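What follows is a short report on a single structure.
The values are calculated or read from the model by the stated rules, or taken from the named source; none is laboratory data. In this text, all values refer to a predicted model and were calculated from it rather than measured experimentally. Here the Cβ positions follow ideal geometry from the backbone for every residue, glycine too, while neighbour counts run over all protein chains shown.
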Amino acid sequence: MNQDEMKQAAAEAAIQHVEDDTIVGVGTGSTVNFFIDALARIKGRIEGAVSSSQASTERMRALGIRVLDLNEAGPLPLYVDGADETNAHRQLIKGGGGALTREKIVAAASEKFVCVVDASKKVGVLGEFPLPLEVIPMARSYVAREVAKLGARPVLRSGFVTDNGNDILDLHGLSIVNPPELEERINQIVGVVCCGLFAQRPADEVIMATPDGLQVF
Ligand code: 5RP
């Protein structure tokens, strides 16, 4: 299996979690795109979806999936999303696609968060993938100085604006031994809209596709 085939296998396995007549929370990225394609095949069985990005909204609408506003949908039974890294505790780095804030909101509003990844995403210690932060543009230099004090090397994602009109700082050089604590510290920096660590609310289940088949943890 190549990497795309593994992403597809994990995404299609997550369809088993979708219950009839429910509204499904949908993440963002190339793995989730396979989930959206699978969801389109059963779109008649669900009420609709809540999207975490403009990109996923456009893909779902193009496939005829009804997209609802989170404020109209209420609590969701299920959120399915990918990740840039996961550790064995299902704590994640997300935001490679820049959709971390809406992803974190939809995850928070969902009873169950199922994360779909290929085997390349599993790490012992989070941080090899640069940790994305969404920041208010006028605060980006201040936030960069504050995160440098935590040992990070912040790099502005150039030419990129989030769906919320903000900037992304990618934090290089971190070895994140206590993800919930770092998430808490970064959340307290004024000007940070969202930290791409999903550790205080980790995934409830990770479906990881490997060359030898699916692993669930
Ligand atoms: C987007 C994300 C994605 O879930 C993450 O970047 C993984 O993407 P892919 O499935 O393309 O590898 O957090 O903000």
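A count restricted to the stretch 91-119 and to residues that are within 14 Å of the ligand (Cβ to nearest atom) and under 19 Å from H17 (Cβ atoms) stands at 11. Of all residues in the stretch 150-176, those that are polar (S, T, N, Q) have Cβ atoms under 7 Å from Cβ atoms of residues that are in a loop (DSSP other than H, G, I, E, B), 6 or more apart or on another chain, in T162/G98; N166/I136; S175/V125; S175/G127. Looking only at the stretch 26-35, decide whether some residue is more than 14 Å from the ligand (Cβ to nearest atom), outside the structural domain of L182 (by TED's automatic domain parsing) and modelled with pLDDT of 95 or more. No. Looking for whichever is under 29 Å from V177 (Cα atoms) and not aromatic (F, W, Y) here; the options are A55, A10. Which one fits? Just one listed residue meets the conditions, A10.
In the stretch 15-25, the count of residues that are within 12 Å of the ligand (Cβ to nearest atom) and within 14 Å of the chain's Cα centre (by Cα) is zero. Note on the stretch 19-42: residues that are surrounded by fewer than 18 Cβ atoms within 10 Å (Cβ to Cβ) and farther than 20 Å from K7 by Cα total 4.
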